2 protein chains.
Amino acid sequence: MKRFLPCLEWAKTYNKRVLTSDLVAAVIVTIMLIPQSLAYALLAGLPPEVGLYASILPLVAYALFGTSRSLAVGPVAVVSLMTAAAAGNLAQQGSAEYLTAAIVLALLSGLILLLMGFFKLGILANFLSHPVISGFITASGIIIAASQLKHILGISANGHSLLEIGLTLAEGLGNINLNTLLLGVGTLGFLLWVRSRLNAVLIGFGLNGRLADLAAKAGPVMAVVATTAITYYWGLDDRGISVVGAIPQGLLALAIPTFDFALWQELFLAALLISVIGFVESVSVAQTLAAKRRQRIRPNQELIALGSSNVASAVSGGFPVTGGFSRSVVNFDAGAETPAAGAFTAAGILMVTLLLTPLIHFLPKATLAATIIVAVLSLVDLKSIKRTWDYSRSDFSAMMVTILVTLLVGVEAGVVSGVGLSLLLHLYRTSKPHSAIVGLVPGTQHFRNVDRHQVDTDPTVLMLRIDESLYFANARYLEDLVYDQIALRPQVKHLVLMCPAVNLIDASALESLEAINERLNDSGVSLHLSEVKGPVMDQLRRSHFLQQLTGGIFLCQYDAWRSLSKGSRQIDMDANPTAKNPGFESTP
Amino acid sequence: MKRFLPCLEWAKTYNKRVLTSDLVAAVIVTIMLIPQSLAYALLAGLPPEVGLYASILPLVAYALFGTSRSLAVGPVAVVSLMTAAAAGNLAQQGSAEYLTAAIVLALLSGLILLLMGFFKLGILANFLSHPVISGFITASGIIIAASQLKHILGISANGHSLLEIGLTLAEGLGNINLNTLLLGVGTLGFLLWVRSRLNAVLIGFGLNGRLADLAAKAGPVMAVVATTAITYYWGLDDRGISVVGAIPQGLLALAIPTFDFALWQELFLAALLISVIGFVESVSVAQTLAAKRRQRIRPNQELIALGSSNVASAVSGGFPVTGGFSRSVVNFDAGAETPAAGAFTAAGILMVTLLLTPLIHFLPKATLAATIIVAVLSLVDLKSIKRTWDYSRSDFSAMMVTILVTLLVGVEAGVVSGVGLSLLLHLYRTSKPHSAIVGLVPGTQHFRNVDRHQVDTDPTVLMLRIDESLYFANARYLEDLVYDQIALRPQVKHLVLMCPAVNLIDASALESLEAINERLNDSGVSLHLSEVKGPVMDQLRRSHFLQQLTGGIFLCQYDAWRSLSKGSRQIDMDANPTAKNPGFESTP
């Protein structure tokens, strides 16, 4: 029960001191979350109040089921972009169908996460390699920033790829609204200054570091308050500055999203990608924060928690949510000690939704766009591209394909092609495994690559070390390798496959070994194995291979050498006591 | 040039003796190939003459480009079934569109094979694991046998999955034609008897083994001649026995298939699967036969040869072809010494097509169906299912999914889901790698699993051996494993990751190692690596990881132990001369 409801754990020791910490953090996060929720709803192409809806019940659900003490869930940039792309494929922004699609996405992605949690499939998230995620997030950041330029310029533009956005922006360049541009660029400048300088300035004024840090993070809130006041006071909404406008006031309406099988089917892939990307992002934030306080999170329980949060978002009319980096850091820095802080934040946002929405009427969209642009700039990680290029060309190519396809085609195609390519590259990489012909380092019992070391060899014994697990992708290569090497050396009578790095022999590789054994036998060469690992040996015992094997199996390569090589056979005639003995113990 | 046209190689030494051998083989194969070509055209849902067209030019193309001395190409069972499934998705059997689709499939699959050959992508075929191919061929054999029952029963039935075929067969059961049933079951019984007994009977009569074997293989030809004669003589075609009928007589018409982009797009996946399955089947036949005579084939040149054969089939109005097992074995046994035998066979079949087709008019379809059923029964390999179950549950599940999806949904879905599942299972299998905490075997320099052996350990030094390459699928697991093990042992000051089985560290795993290094440092534990392989070490040098590493890198685990463990430090104070030394040589 405690495993399933981690809140029972921390609730036991909850006290007044912790309550105070959580309440303070909740107030700070609430203030910060309001502009963020409105902005991400705008990014997702949804009415601003939907952002608020998505920031109430999901937080309560996470407080009940989540294992991280500091994670704050809600709308986040990348997931909002993915929502816009998926819903935009089906309906026009602003239409009822568009909103329905967003809500169904939250529900589906909630159900997918819950299923993954119940079946402990958190491991599936591992199939997203780091370069693919990193490339995807960088590309998303660029697309998001580009998509918000229209609000700064006061023109209209749309599209889900950089190309579409760029083309529609270029068309509208003649209609730039100067008032909007002034306000937008001003806000952008202010936010960038706050981000880079305010901290230092405040510390210069004698403020302590943590407070200065929090104040700097409140930049978006200051911008929202100031620009809303200016717009209201001077009536700038009549001068072409587009504002958020009237927001329906009142209670949150709970409803079960419509069940439309065709719609579910159309949104399934998008929901799956949103689930996995959201989960990976959230877990990495949660793990980073947990490590700072020596806490642990449980990834499979996190699936349940995020799944419930998304279902909660869907039934209250919201869109997909996940754990966000910036708000979680604010929550952590503001001193939140338990997930209760999230529940208090939810209460705060509920109050704002009920009472304060009229104040938001005059909030300029340009301000929200500026806060989004500044927020997503930190997602663009060009250094990681350089680092990956230096480290591995293969990882680099998966990363670049992800970035380019995401930018040029769209977010779903980007993730899918990145994952597909990294799988193929992995298979390709292991399909021609590194191997070496080895010999005995004189005076030792060690065997090393004949090309790199001065070693003893015997023309009648070929010793081949394979540095990879043997499985379907390299089974045929192994056959070719062996036949080629044997064809080059007519004197060879014994082939020893040295297997210290073989962690697995699957059924395809077993077939290949059987074929090798049989064909070598036809040409008078016996096949031996050495240094076979325990689990691999256990599995081989379940086949007929060991009975058919023309040679022996040696615990270590030196035993094979002593037993098979001519030079040493003359000295040591009682060799190979372990080979073919079914009771011997395998390595290691 | 000789690499691209292997015929230049064998043509140099061609002489009268070889010519005689090749001619004899060609006559035998021609006789055997005629009923087979007609039967597989019937299986593919095409007019019988298309089977003949597909057995002329493709053989000439293979004779020019192929590297196997004994392979015989032409229509084969599995590929014919796949052709029927793909063409049947687009058009009604018997329509002109259906024939066009089959021809375009041959052309596309020829082009795909040629492209794969030019780019040396033969390795892609390795992604079909052995259990998937074996399961697919078994399921195809069952479907083919079921699909031919209608000809034996004299009723109509259709469908591409066992379910559809079964249902339509059940509907028609009331209309069984008794004459057809009698003829069909009689032929089936005769063919089965020939297959299992004739050989022994003939040897009993004093015939030599090889001739008896060839005579037994001529069973289908005998059945064709006998049932055609009976049908003609008694006019059985008027009594409900359906016959092949009139075949257009005359010259082979060459034509370039229509280019219809939409059609090409629709058939692309099917053509890709036909190419890969056909290639894998053909190469394995060719390799088996080549090994018997100590010859080698070149898989990438085989792609070119099979690609040309399919293009040749398409331009002469035929359907997809590949190297077939039974006819290649006949060719081999009949003494074919060079691919010229294939060219002579082509000439033989051309003559039959030009002159003898009227004789085929009264050939009953039930006879062809019986020859197909007997031929495909050998494809069903139930022992291999049992063997795979014993050896590996994971390979078994990929095999069963392939079999079940092929039987119940269809051939394309079967291959795709089998390949997809075997990829996922491979990732899953490596996503939780085997690992062991190791200790020093007293009196040696060897380190073994503490759970399996009596070994020395030090509570401040945790030595962890990872038995798998580190890459994206297991990077996060590695982090979890390390944090869990460290959390269990508060005394630990040093963690040594022992990497003798780590053949690769990709960018995702590098990120995880960096995170581990940093988080362990926060809790006062240093991270060391030992026995890092040469290529892995080379790659790590291209990152900043080695500079950030809090501990050292040891050539062998024993050095790490001497340098870090308390007990041995007191004895041996000058430990660890190699750690952190950039010039040391890595293992192995």
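The values are calculated or read from the model by the stated rules, or taken from the named source; none is laboratory data. Model, not experiment: these values are computed from the prediction. Counting neighbours? That spans all protein chains shown, and the Cβs are built from the backbone with ideal geometry, glycine included.
Test B:Thr138 against the stated conditions and say whether it is over 22 Å from B:Gly166 (Cβ atoms), surrounded by fewer than 23 Cβ atoms within 10 Å (Cβ to Cβ) and among the polar types (S, T, N, Q).
On the way: over 22 Å from B:Gly166 (Cβ atoms): no; surrounded by fewer than 23 Cβ atoms within 10 Å (Cβ to Cβ): yes; among the polar types (S, T, N, Q): yes.
For B:Thr138, the condition - over 22 Å from B:Gly166 (Cβ atoms), surrounded by fewer than 23 Cβ atoms within 10 Å (Cβ to Cβ) and among the polar types (S, T, N, Q) - is not met.
Under the condition of being closer than 17 Å to B:Phe545 by Cα and more than 10 Å from chain B (Cβ to nearest Cβ), which residue from the stretch A:377-388 is surrounded by the fewest Cβ atoms within 10 Å (Cβ to Cβ)?
Ranking the candidates gives A:Lys383 first.
For the stretch B:520-553, give me each residue that is of a type in the set (A, V, I, L, M, F, W, C) and outside any helix (DSSP H, G or I).
Hits for the stretch B:520-553 are B:Val525, B:Leu527, B:Leu529, B:Val532, B:Leu549, B:Ile553.
Which residues, counting only those in the stretch B:113-138, are away from every other protein chain (no Cβ under 12 Å), more than 14 Å from B:Ser282 (Cβ to Cβ) and of a type in the set (Val, Ile, Thr)?
B:Thr138
Name the residues in the stretch A:389-438 that are in contact with a helix residue (DSSP H, G or I) (Cβ under 9 Å, 6 or more places away or on another chain), within 12 Å of chain B (Cβ to nearest Cβ) and over 25 Å from B:Leu423 (Cα atoms), would you?
Listed by number, the residues that qualify are A:Trp389, A:Asp390, A:Tyr391, A:Val438.
Quick one: count up the residues across the stretch A:491-519 that are assigned to a loop (DSSP other than H, G, I, E, B) and within 11 Å of chain B (Cβ to nearest Cβ).
Count: 7.
State which residue is farthest from B:Ile143 (Cα to Cα) when the search covers only the stretch B:156-185 and only residues that are part of a loop (DSSP other than H, G, I, E, B) and at pLDDT below 85.
B:Ser156
If you scan the stretch A:377-400, which residues turn out to be more than 17 Å from the chain's Cα centre (by Cα) and part of a helix (DSSP H, G or I)?
A:Leu377, A:Leu382, A:Lys383, A:Lys386, A:Arg387, A:Trp389, A:Asp390, A:Tyr391, A:Arg393, A:Ser394, A:Ser397
Could you identify the single residue in A:Leu46, A:Leu5 that is outside the structural domain of A:Glu337 (by TED's automatic domain parsing), of a type in the set (A, V, I, L, M, F, W, C) and in a loop (DSSP other than H, G, I, E, B)?
A:Leu5
I'd like to check something: does the stretch B:468-489 contain any residue that is over 37 Å from the mean Cα position of the chain (by Cα), more than 8 Å from every other protein chain (Cβ to nearest Cβ), in a strand (DSSP E or B) and not aliphatic (A, V, I, L, M)?
Within the stretch B:468-489, not a single residue is over 37 Å from the mean Cα position of the chain (by Cα), more than 8 Å from every other protein chain (Cβ to nearest Cβ), in a strand (DSSP E or B) and not aliphatic (A, V, I, L, M).
Within the stretch B:275-290, which residues are over 14 Å from the mean Cα position of the chain (by Cα) and either surrounded by fewer than 18 Cβ atoms within 10 Å (Cβ to Cβ) or within 11 Å of B:Phe325 (Cα to Cα) (or both)?
Start the filter on the stretch B:275-290 by keeping residues that are over 14 Å from the mean Cα position of the chain (by Cα), which leaves B:289-290.
Scanning the stretch B:275-290 gives a single hit, B:Leu289.
For the stretch B:295-374, which fully contained helices (runs of 4 or more DSSP H) count at least 2 residues that are touching a Phe, Trp or Tyr at 6+ places or on another chain (Cβ under 8 Å)?
In the stretch B:295-374, the matching helices (runs of 4 or more DSSP H) lie at B:299-315, B:340-351.
A quick yes/no check of all residues on (1) β-branched (Val, Ile, Thr); (2) in contact with a Pro (Cβ under 7 Å, 6 or more places away or on another chain):
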position: B:Pro48; (1), (2): no, no
position: B:Ala54; (1), (2): no, yes
position: B:Leu57; (1), (2): no, no
position: B:Ser80; (1), (2): no, no
position: B:Ala91; (1), (2): no, no
position: B:Gly94; (1), (2): no, no
position: B:Leu108; (1), (2): no, no
position: B:Ile112; (1), (2): yes, no
position: B:Gly117; (1), (2): no, no
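Collect the residues in the stretch B:520-556 that are surrounded by fewer than 23 Cβ atoms within 10 Å (Cβ to Cβ), among the polar types (S, T, N, Q), touching a residue at least 24 places away in the same chain (Cβ under 8 Å) and more than 9 Å from chain A (Cβ to nearest Cβ), keeping them in residue-number order.
Passing the criteria: B:Asn521, B:Ser526, B:Gln548, B:Thr550.
Which condition does B:Ile241 not pass, out of (1) in a helix (DSSP H, G or I); (2) farther than 30 Å from B:Leu408 by Cβ; (3) touching a helix residue (DSSP H, G or I) at 6+ places or on another chain (Cβ under 6 Å), if it passes all the others?
Of the numbered conditions (1) in a helix (DSSP H, G or I); (2) farther than 30 Å from B:Leu408 by Cβ; (3) touching a helix residue (DSSP H, G or I) at 6+ places or on another chain (Cβ under 6 Å), the odd one out for B:Ile241 is (1).
Of all residues in the stretch B:453-473, which are over 21 Å from B:Ala560 (Cα atoms) and either among the aromatic types (Phe, Trp, Tyr) or out of contact with any Leu (no Cβ under 9 Å at 6 or more places or on another chain) (or both)?
Listed by number, the residues that qualify are B:Tyr471, B:Phe472.
Looking at (1) touching a helix residue (DSSP H, G or I) at 6+ places or on another chain (Cβ under 8 Å); (2) more than 8 Å from chain B (Cβ to nearest Cβ); (3) outside any strand (DSSP E or B), which one does A:Asp451 not meet, given that it meets all the others?
So the condition that A:Asp451 fails would be (1).
When the stretch B:449-487 is examined, which residues are found to be over 29 Å from B:Ala507 (Cα atoms) and buried (at least 19 other Cβ atoms within 10 Å of the Cβ)? Even if it seems obvious, please write down each step before you answer.
Keep residues of the stretch B:449-487 that are over 29 Å from B:Ala507 (Cα atoms), which gives B:450-460.
Listed by number, the residues that qualify are B:Val455, B:Asp458.
Since A:Gln92 meets every condition but one in (1) in a loop (DSSP other than H, G, I, E, B); (2) under 21 Å from A:Leu191 (Cβ atoms), which condition does it not meet?
Evaluating A:Gln92 over (1) in a loop (DSSP other than H, G, I, E, B); (2) under 21 Å from A:Leu191 (Cβ atoms) leaves (2) as the failure.
For the structure I just gave you, tell me whether A:Ala487 is at pLDDT below 85, hydrophobic (A, V, I, L, M, F, W, C) and under 20 Å from B:Cys556 (Cβ atoms).
Answer is no for this residue.
Which numbered condition trips up A:Gln445, out of (1) surrounded by fewer than 17 Cβ atoms within 10 Å (Cβ to Cβ); (2) in contact with a helix residue (DSSP H, G or I) (Cβ under 9 Å, 6 or more places away or on another chain); (3) without any contact (Cβ under 8 Å) to a residue 40 or more places away in the chain?
Exception for A:Gln445: condition (3).
Starting from the stretch B:3-15, keep only residues that are at pLDDT below 80, then list their pairs with residues that are exposed (fewer than 12 other Cβ atoms within 10 Å of the Cβ) and in a loop (DSSP other than H, G, I, E, B) whose Cβ atoms are within a distance under 6 Å, requiring at least 6 positions of separation or different chains.
B:Leu8/B:Lys2; B:Glu9/B:Lys2
Report yes if A:Ser242 is assigned by TED's automatic domain parsing to the domain that holds A:Ser328, surrounded by fewer than 24 Cβ atoms within 10 Å (Cβ to Cβ), in contact with a Pro (Cβ under 9 Å, 6 or more places away or on another chain) and at pLDDT 80 or above, otherwise no.
For A:Ser242, the condition - assigned by TED's automatic domain parsing to the domain that holds A:Ser328, surrounded by fewer than 24 Cβ atoms within 10 Å (Cβ to Cβ), in contact with a Pro (Cβ under 9 Å, 6 or more places away or on another chain) and at pLDDT 80 or above - is met.
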